[in-house]
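K.L.:
Handing you a structure now.
The values are calculated or read from the model by the stated rules, or taken from the named source; none is laboratory data. Not measured: the values here are computed from a predicted model. Because the Cβ atoms are built from the backbone with ideal geometry, glycine has one as well, and the counts that use them run over all protein chains shown. Side chains included, ligands, DNA and RNA excluded: accessible areas come from the protein's heavy atoms. Shrake-Rupley method; radii C 1.70, N 1.55, O 1.52, S 1.80 Å.
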Amino acid sequence: MADENLLLLLLALPFLGSILAGAFRSNARNAEAWLAGAVALCGLAITIYLYPAVDDGGVVRRQIEWIPSLGLGFTLRMDGFAWMFAMLITGIGFLVVLYARYYMSPADPVPRFFSFLLAFMGAMLGMVISGDLILLAVFWELTSIFSFLLIGYWYHNAAARDGARMALTITGVGGLCLLVGLMIIGHIAGSYDLDVVLAAGDKIRAHDLYLPALILICMGALTKSAQFPFHFWLPNAMAAPTPVSAYLHSATMVKAGVFLLARFFPVLAGTYEWFIILAFAGMITLTLGAYFAIFQQDLKGLLAYSTISHLGLITTLLSLGSPLAAVAAIFHMMNHATFKASLFMAAGIIDHETGTRDMRRLSGLFAFMPITATLAMVASAAMAGVPLLNGFLSKEMFFAEAIETHADSFLDRALPYVATVAGAFSVVYSLRFIHTVFFGPKPVDLPHEPHEPPHWMRFPIEFLVLACLVVGVIPGLTVGPYLHTAVVAVLGDATPQYSLAVWHGLNVPLIMSVIALIGGTVLYMLLKRYLSRCEEGPPIFRRLKGQRIFERILVTLSWRWARFVEGNLGTRRLQPQLRLLVVVAFLAALWPLFSAGFNPGLPSFDGLDPVFGMMWAVGIVCALAAAYQAKYHRLAALILVGGAGIVTCLTFVWLSAPDLALTQLLVEIVTTVLILLGLRWLPKRVEEIDAVGVTITARLRRHRDFAIATLCGAGIAMIAYAVMTRPVVDTIGDYFLEHAYSGGGGTNVVNVILVDFRSFDTMGEIAVLGVVALTVFALLRRFRPAADSIETPEQQRIQNAYDDAQPDRETGDTAREYIMVPSIIMNWMFPVIIVLAAYLFLRGHDLPGGGFAAGITMAIGFLLQYLAGGTRWVEERLRILPVRWIGFGLLMAAATGMGSWFLGYPFLTTYFQYLEVPLIGKVPAATALLFDLGVFSLVVGAVVLVLIALAHQSIRSYRVREAAKATEEA
Amino acid sequence: MELVLAIGIGVMTGSGVWLLLRPRTYQVIIGLLLLSYAVNLFIFGMGRLRMNVPPVVEPGVPVDPAAFTDPIPQALVLTAIVIGFATTALFLVVLLASRGLTGTDHVDGREQ
């Protein structure tokens, strides 16, 4: 059990560290590095500790239920192969953090850097230890996103932004393909669990959907590992800080693609399709990458293309489908990570200490930084595959596999030659890197005087280069057992016999190596002069840039086509959009009725209560009149809508819905007040003036809209009538009725549903309410009324004029006094309303009432004070702080929900009990009441906040008016 | 009774849709108010219309679901009423802000 939880800790640590790292001050370079380093070291320690559990085919699993109904689990699973990757991620992660401490300049905002770096580490760890296909895809996408954020770290730099966007677009599209591919595989295997899928290889390979799944998964892997034809994003990702290039774009993230291919090797490999797709992509990438690398002038560009080429090598090996090739591929993943990360760091040091990465300007640096130079030389030799270094071993294995025949075809026969040529190319660019930068004449005109870096900046390189050497000399004693663990985890029983010895005797692979080494050296001698002055990029291919093609596609898609579609189909006008919406909704409702042969039947007035009929006659007239009057007589329209609202409310009373009636009535009041407050800011609209310019098109538009409205009304009336006259079917309502008292401790079933059975929904709804209120508040803070509504309203002008004319009155007296009597009544009603709200709240669980109704009542209590005394009068006496009410309400609801966790129940499980209180008697004491208190508080806060914010505008515009007057007089 | 309510819902919907398609913001907000009444009544009507059977049970007595009206549509509509208020408030403020910024109360922010 301890091991399993360690797995969870391993995954959680980087993410927690990432959140913490983001909270530091922007110049806390040391603290950040300590934190990130500690996280990486802890991860490394956990991984090392777990080794005995994964040794020899063991698997550590930690399973948490996620969405069991969909067969999704949050399953973590570490086997030997995942273990190897976890070692690389945490180990190299630690070295990169150490390096980054010295690499990042004090001016860079480091919290963002380390936060993203740690989050990436978490995502990458999650990807390798996912035991569930969907989880794997989620972490896969996360690595793409953090890679995007890290490439774009220096976002003031256009190249960084473009590189980041390109990387995200390509790996993101790949990730989408991968997700679909994984879903197909999960569908075939019958489970998303990795163990089940790995055991279902034969079934998957024999299935009809094998080829689509394979293509989609290869799309994911090839984009991520920068394989042809998706390779071009990687060189552009070099705009990232060098620690990121070393970590993400050489050692870990770009390995995710080949990791995935190796992971699914037992499931997908061995078929002809697998060979063709991957061998094609891999061999082209292997040669082209190496060829391009030769002609780069940017140090990091050279390393980037070399990385592409080496990833191509790994893909080619995996494509062969033989167990021995898989061993070589896994071995090369480890080796490449060590030497390439150290080379990137060395390139970063050169850039850091000299100020340039251009190989045309660099030369003779050996004299200035001998130690770094020596280290870089050893690492490059490993990259070139020189004997006694780790790169040599895996390359020999590659050559040995290349000469075997696997799937007889042109590609297979060409492989030995391709491998030798690519090997020679890798010798050329390795030599070039060393020879140009460290030897030759002394550099002239460098931005900085070159010197050795601080020791701890060099330490990661020293460590990695030492690893290259030790592994290269005594492989069997050092990585042997670990490689075996990883290989067994992938291949299982099919693990072949292989030997890690340095000397296999004089055989064909050795001869190929020798040819590559000598051929490469000769080729470099021939090319040397050309390379020292040629422009960036290889001859012939220089003009053909993947980047440019990519950008052209993007422009066509996102600009030309989008503009075409927008220009021809789009509109910025609201009315056509709404009309379209209404018509589509109408047709969507009509279609199923029409196709199912719906017959509404003859309507009848049976059982009609004349009072109900008359009430609705009033309601109908109100609705029609409101529609008619809304343009020119706003107040009348508002009153008429209120009439329709009252009829709605009475309908609820009539038809056994007391809760609804209560809430409707209260909401009706606040809505009316709300719109009354808004009316003041709308422009005057005079019928006679508007009537002049009515054109024929406007008239036609009205007729058409009238027809649409009539059809919609008739349609909805028909559907409503049809449903309401059909016999009732069994609904889940019965369950709620039966269990409201026994399960929820309340007799008012509607309230019990809201605060108990479906309280999570209610919580979402009050959250929406709070968000809306805050949005309204925020919008009104920047509100600027139109010029013509700043003036004093007409009514106040008349009142003030009257006051001015009377000698015994002061200006504003009438405005103050004209509702004297009602306002005193409103003042006196305040405590009564509070008691009413408390009453509605407390009885809500058993009788109509509850948090919503009580909250609105309470808000109305506050509002009446505003109406009675004016904004300033109230605020001198009462501090309401609605935002705190909202906050308290949400916290209360959430805390009540979380309270049940401590008792071991799911979120928002309620508990209830009836308490005997002296004098009052039995009172319900359910935790649902606390939840309802949250609802109450939030509703009060939201309603008051909205209305007060709106009411405050009059004071503000008064101030604006006074200020304008003052400047005018001055 | 069903017919009357159905006609009422229909008329409210029709008036609401008509106002929704008008050019002035105030017309749209009134239209939305009417539409929300209609929709709430429509959802409420899905539980069928019954008188004098509110979903308030008697404690300690075995519950016969047939003796009460369906509480689900009521619970749905209750929150819908409150959320309806919130969206009305939001729309009102947006229309006021738009009126302040553009100087017109046309829904597109400019006269046609």
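K.L.:
Determine the calculated [θ] at 222 nm for chain B from helices alone, applying -39500 (n - 2.57) to every DSSP H run no shorter than 4 residues and normalising by the residue count; nearest 500 deg cm²/dmol.
P.N.:
Per the formula, -22500 deg cm²/dmol.
K.L.:
Grab the DSSP H runs of chain A that are 4 residues or longer, score each as -39,500 (n - 2.57), total them, divide by all residues and round the 222 nm result to the nearest 500 deg cm²/dmol.
P.N.:
-23500 deg cm²/dmol
K.L.:
Averaged over its residues, how many other protein chain Cβ atoms are within 10 Å of peptide A:626-633's Cβ atoms?
P.N.:
6
K.L.:
Let's see if you can work this out: charge +1 on each Lys and Arg Cβ, -1 on each Asp and Glu Cβ, no other charges. What is the dipole magnitude of region A:591-722 about its Cα centre, in debye to the nearest 20?
P.N.:
660
K.L.:
Any aspartates and glutamates with Cα under 17 Å of the A:Lys631 Cα? List them, leaving off those in the same chain fewer than 8 positions away.
P.N.:
Filter leaves A:Glu687, A:Glu688, A:Asp690, A:Asp705, B:Asp105, B:Asp108, B:Glu111.
K.L.:
Oh, and also: With the dipole of chain A worked out from charges on the C-beta (+1 for Lys and Arg, -1 for Asp and Glu) around the Cα centre, which of A:Trp561, A:Thr143, A:Pro538 lies farthest toward the positive end?
P.N.:
A:Pro538
K.L.:
What is the packing order of peptides A:340-352, A:376-388, taking the mean over residues of other C-beta atoms within 10 Å and listing the highest first?
P.N.:
A:340-352, A:376-388
K.L.:
Can you give me the angle between helix A:455-473 and the longest principal axis of chain A, using Cα atoms only, in degrees from 0 to 90, rounded to the nearest 10?
P.N.:
Tilt of helix A:455-473: around 50 degrees.
K.L.:
Give me the number: length gained by fully extending A:Leu891 to A:Arg704, i.e. 0.36 nm times residue separation minus the C-alpha to C-alpha distance, one decimal in nm.
P.N.:
Additional length available on full extension: 62.3 nm.
K.L.:
Right, another one. Count, for each residue of A:674-683, the Cβ atoms from other chains sitting within 10 Å of its Cβ, then give me the mean as a whole number.
P.N.:
The mean count of partner-chain Cβ atoms within 10 Å per residue comes to 5.
K.L.:
Within region A:627-649, name every residue whose backbone N is under 15 Å away from a label modeled 7 Å from Cα of A:Val686 along the Cβ vector.
P.N.:
Under 15 Å, as judged by backbone N against the label point of A:Val686, lie A:632-633 of region A:627-649.
K.L.:
If you don't mind, there's one more thing I want to ask. Can you tell me the orientation of helix A:480-491 relative to chain A, as the angle in degrees between its alpha-carbon axis and the longest Cα principal axis, to the nearest 10?
P.N.:
Taking the Cα atoms of chain A, the angle to A:480-491 is about 60 degrees.
K.L.:
Here's another thing I want to ask about it. With a cap of 10 neighbouring Cβ atoms within 10 Å, and only residues DSSP puts in a loop, list the trypsin sites (Lys or Arg not before Pro) found in region A:682-748.
P.N.:
In loop regions of region A:682-748 (DSSP not H, G, I, E or B), the sparsely surrounded trypsin sites (Lys or Arg not before Pro) are A:Lys684.
K.L.:
So, one more: Using the Cα gyration tensor of region A:847-889, with a ≥ b ≥ c the square roots of its eigenvalues, what is the shape: rounded (a/c below 1.5), prolate (a/b larger than b/c) or oblate (neither)?
P.N.:
oblate
K.L.:
How much length would be gained if the chain were fully extended between A:Met829 and A:Val618, taking 0.36 nm per residue of separation minus their Cα-Cα distance, in nm to one decimal?
P.N.:
72.8 nm
K.L.:
Something else now. Tell me the label-point distance for the pair A:Ala414, A:Glu273, using the 7 Å Cα-to-Cβ offset, in nm and rounded to one decimal.
P.N.:
Reported label-point gap for A:Ala414 and A:Glu273 is 2.3 nm.
K.L.:
Report the rotationally averaged projected area of the protein assembly as shown based on its alpha-carbon convex hull, in square nanometres.
P.N.:
Mean shadow area of the hull around the Cα atoms is 57.1 nm².
K.L.:
Can you tell me how much longer the chain between A:Ala562 and A:Ala963 gets when fully stretched, taken as 0.36 nm per residue apart minus their C-alpha distance, in nm with one decimal?
P.N.:
139.6 nm
K.L.:
In addition: I need the calculated FRET efficiency for the pair A:Ala38 and A:Ala159, taking r as the beta carbon distance and R₀ as 51 Å, to the nearest 0.05.
P.N.:
After rounding, the FRET efficiency stands at 0.95.
K.L.:
Another one. Out of region B:10-112, which trypsin sites (Lys or Arg not before Pro) are coil in DSSP terms and have no more than 12 other C-beta atoms within 10 Å?
P.N.:
Answer in residue order: B:Arg110.
K.L.:
Does chain B classify as rounded, prolate or oblate by the C-alpha gyration tensor (a ≥ b ≥ c root eigenvalues; a/c under 1.5 gives rounded; else a/b over b/c gives prolate, otherwise oblate)?
P.N.:
oblate
K.L.:
Then there's this: Which of the peptides A:172-179, A:742-749, A:423-430, A:559-566 is most tightly packed, and how do the rest follow, judged by the mean count of other Cβ atoms within 10 Å per residue?
P.N.:
Taking the mean over residues of other Cβ atoms within 10 Å, the ranking is A:423-430, A:742-749, A:172-179, A:559-566.
K.L.:
Trypsin sites (Lys or Arg not before Pro), restricted to region A:747-856: which are DSSP loop and have at most 11 other Cβ atoms within 10 Å?
P.N.:
Sparse-neighbourhood loop trypsin sites (Lys or Arg not before Pro): A:Arg782.
K.L.:
Label A:Asp195 and A:Leu9 with points 7 Å out from Cα along Cα→Cβ: what is the distance between them in nm?
P.N.:
2.3
K.L.:
Does region A:16-159 classify as rounded, prolate or oblate by the C-alpha gyration tensor (a ≥ b ≥ c root eigenvalues; a/c under 1.5 gives rounded; else a/b over b/c gives prolate, otherwise oblate)?
P.N.:
Note, shape of region A:16-159 comes out prolate.
K.L.:
Report, to the nearest 10°, how far helix A:2-22 tilts away from the longest principal axis of the Cα atoms in chain A, using its own Cα long axis and a range of 0 to 90°.
P.N.:
70
K.L.:
If you don't mind, there's one more thing I want to ask. Among B:8-21, A:104-117, A:716-729, how do they line up from the highest to the lowest mean number of other beta-carbon atoms within 10 Å?
P.N.:
Per-residue mean Cβ counts within 10 Å order the peptides as B:8-21, A:104-117, A:716-729.
K.L.:
Follow-up question, since we're still on this one. Can you compute the label reach from A:Val470? Point 7 Å from Cα along the Cβ direction, backbone N cut-off under 20 Å, restricted to region A:312-338.
P.N.:
Inside the label zone: A:331-338.
K.L.:
Give A:Lys203/A:Lys340; A:Lys224/A:Lys528; A:Lys395/A:Lys442; A:Lys684/A:Lys965; A:Lys255/A:Lys528; A:Lys203/A:Lys395 a once-over and call out the pairs whose C-alpha atoms are over 30 Å from each other.
P.N.:
Among A:Lys203/A:Lys340; A:Lys224/A:Lys528; A:Lys395/A:Lys442; A:Lys684/A:Lys965; A:Lys255/A:Lys528; A:Lys203/A:Lys395, the Cα-Cα distance tops 30 Å for A:Lys203/A:Lys340; A:Lys224/A:Lys528; A:Lys395/A:Lys442; A:Lys255/A:Lys528; A:Lys203/A:Lys395.
K.L.:
Would you tell me the mean number of C-beta atoms belonging to other protein chains that fall within 10 Å of each C-beta in A:756-762, as a whole number?
P.N.:
2
K.L.:
Can you give me the distance in nm between label points at A:Asp788 and A:Asp606, each placed 7 Å from the Cα along the Cα-to-Cβ direction?
P.N.:
Calculated label separation equals 5.8 nm.
K.L.:
Express the carbon and sulfur contribution to the solvent-accessible surface of region A:75-216 as a percent, rounded to the nearest whole number, probe 1.4 angstrom.
P.N.:
Whole-percent figure for carbon plus sulfur exposure: 69.
K.L.:
Taking 56 Å as R0, compute the FRET efficiency from the Cβ-Cβ separation of A:Ala107 and A:Ile67 and round it to 0.05.
P.N.:
Plugging the Cβ-Cβ distance into 1/(1 + (r/R0)^6) gives 0.75.
K.L.:
Set the Förster radius R0 to 60 Å, insert the Cβ-Cβ distance between A:Leu779 and A:Ile515 as r into 1/(1 + (r/R0)^6), and round the FRET efficiency to 0.05.
P.N.:
Calculated value: 0.20.
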